[in-house]
Amino acid sequence: MNNRRLALAFFVVSLGPVSVFAQKQASAADNSHDYSELNRAPAKVRARMNPFQSDPDAVVAGQLLFEDHCTECHGPAGGGGKKGPSLRHAEVQNAADGTLFWLLTNGVAWKGMPVWSKLPEAQRWQLVRYLKSLGVNDVVKVDKKL
């Protein structure tokens, strides 16, 4: 009986490194989103300025819209979710307001990002204002070469 318990204990302990390895791989996969779609916005669109740039109420309005339409994919506060990447990544936060507006308007169908052109233009700009208010998330990157 003691031998069985010892063998079981050894088996359980030996699984520890495997589960840590799997968790590190999952973390690496979570950080591997492709943000190249941001580069596809036309130059004319990138130059567009957000009419709500100086409006603090737009952040609150954008947050409410985000909670209604975006949290399911991008997670709470835009930190990333099961379906969508983090919107607090430096590439998103450093993108021009016009680029984010263009992306919201046109979506990224091949990646599952819906088209939000049916939202009034003002609401799309409020979403952009909220997204930019989030700032860059300081995430520790995991080396994929585990």
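The values are calculated or read from the model by the stated rules, or taken from the named source; none is laboratory data. Since we're looking at a predicted model, the values are computed, not measured. Here the Cβ is made from the backbone with ideal geometry for all residues, glycine too, and neighbour counts use every protein chain on show. Ligands, DNA and RNA are stripped out before the accessible areas are found, and what is left, the full protein with its side chains, is counted by its heavy atoms. Shrake-Rupley method; radii C 1.70, N 1.55, O 1.52, S 1.80 Å.
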What's the number of the condition Gly16 fails, among (1) in a helix (DSSP H, G or I); (2) modelled with pLDDT of 95 or more? (2)
Would you be able to tell me the number of residues in the stretch 75-105 that are in a loop (DSSP other than H, G, I, E, B) and of a type outside the set (Lys, Arg)? 12
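Step by step: first the residues of the stretch 36-57, then only those that are in a helix (DSSP H, G or I), of a type outside the set (Asp, Glu) and farther than 16 Å from Val92 by Cα, then the one that is most open to solvent (accessible area, probe 1.4 Å). Which residue is that? Working first, answer last.
Of the stretch 36-57, the ones in a helix (DSSP H, G or I) are 36-40, 43-46, 56-57.
Remaining after also requiring of a type outside the set (Asp, Glu): 36, 38-40, 43-46, 56.
After this cut, where a residue has to be farther than 16 Å from Val92 by Cα as well, the list is 43-44, 56.
Details: Ala43: 80, Lys44: 177, Pro56: 89 Å².
Here the residue is Lys44.
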For a quick check of your reading of the model, give me the residue pairs whose first member lies in the stretch 58-74 and is assigned to a helix (DSSP H, G or I), whose second is open to solvent by 40 Å² or more (accessible area, probe 1.4 Å), with beta-carbon atoms closer than 7 Å and at least 6 apart or on different chains. Ala58/Phe52; Ala58/Arg129; Val59/Arg129; Val59/Ser133; Gly62/Arg129; Leu65/Gln123; Cys73/Lys83
